[in-house]
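The values are calculated or read from the model by the stated rules, or taken from the named source; none is laboratory data. From a predicted model like this one, the values you see are computed outputs, not experimental measurements. Every residue, glycine among them, receives a Cβ derived from its backbone with ideal geometry; neighbour counts consider all protein chains shown. Keep in mind that these areas ignore ligands, DNA and RNA; they rest on the heavy atoms of the full protein, side chains included. Shrake-Rupley method; radii C 1.70, N 1.55, O 1.52, S 1.80 Å.
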Amino acid sequence: METTTSHCSLPRELSGKQDQATLVEINEEEHIVADIMQRRFFPALINNIPWEGFHFAGEAIQISEATDFYGATVWPSALVVCHYLESLAKEHKLMDKHIIEIGAGTGLASVVAALLGARVIATDLTDLLGNLQHNVTRNTKQKCKHQPQVKELTWGVDLEKHFPRSSFHFDYIIAADVVYSHPYLDELLITFDHLCQDHTVILWAMRFRLDRENTFVDRFEALFDLQIIYDLPSLNIKFYKAMRKNKISG
């Protein structure tokens, strides 16, 4: 008796529709990336203080960089966060909201959030605070409804002392490229957990580099419900929205 092997294949019409949907998704991703990257501009003349310019929130934002600190450089993930913040502002979801940025670096995302009407706290390590404060003040003074604050935050250290959960209630936590090959991923997760309450939304852009970073995402998902908002392969960046998992009482 002759046997035949059956191969399951999609009808040509259905396959064509899926190909078309994939092309639409790719085109949307390319459009987002193009829109994000064209917000950047550079000084016309060489300056002894390195800086970059950006167009967000209807303003030309000038960000000074400190080349001797890894965290004082504007990475593409920050632009992705700013792009999404603008979309929230269009839906009237940022005005008067309480936002904290962790690992703020140069402060670009914090500046944009403040210009869009939010109450912002920009945080980073002590060595980065001078440049961070300079950028925040220069780009927001007399331009914002709420003048943003700059505070020191060492991940996992004295969190309840400096940001007691009874006093600090954040609507959003924003983070751009805080996950990379450094020895403080455990402390970063502890910090997310401390600052995030039941209503808090985490907006987090991440550039993938190493398997260790994928492992962090797995650990993060043990505490938070995670949703991919942007997947931008050409930048190797994913942008996430997350909230604390609902706890089921026994």
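Taken over the stretch 192-237, the criterion of being among the charged types (D, E, K, R) and in contact (Cβ under 8 Å) with a residue 12 or more places away in the chain is satisfied by D193, D198, R207, R209, R212, E213, R219, D225, D231.
So how many residues does the stretch 94-131 have that are in a helix (DSSP H, G or I), among the polar types (S, T, N, Q) and closer than 11 Å to E152 by Cα? Walk me through how you get there before you give the answer.
Looking only at the stretch 94-131, we keep the residues that are in a helix (DSSP H, G or I), and these are 108-115, 126-131.
Filter once more, keeping what is among the polar types (S, T, N, Q): 110, 126, 131.
Then drop every residue that is not closer than 11 Å to E152 by Cα, which leaves 126.
Result for the stretch 94-131: 1.
Within this structure, A109 passes the test of being on the phi < 0 side of the Ramachandran plot and either open to solvent by less than 20 Å² (accessible area, probe 1.4 Å) or modelled with pLDDT under 85 (or both). Filter the strands (runs of 3 or more DSSP E) completely within the stretch 132-224 down to those with at least 3 residues that are within 19 Å of A109 (Cβ to Cβ) and open to solvent by less than 80 Å² (accessible area, probe 1.4 Å). Output list reads 172-176, 201-207.
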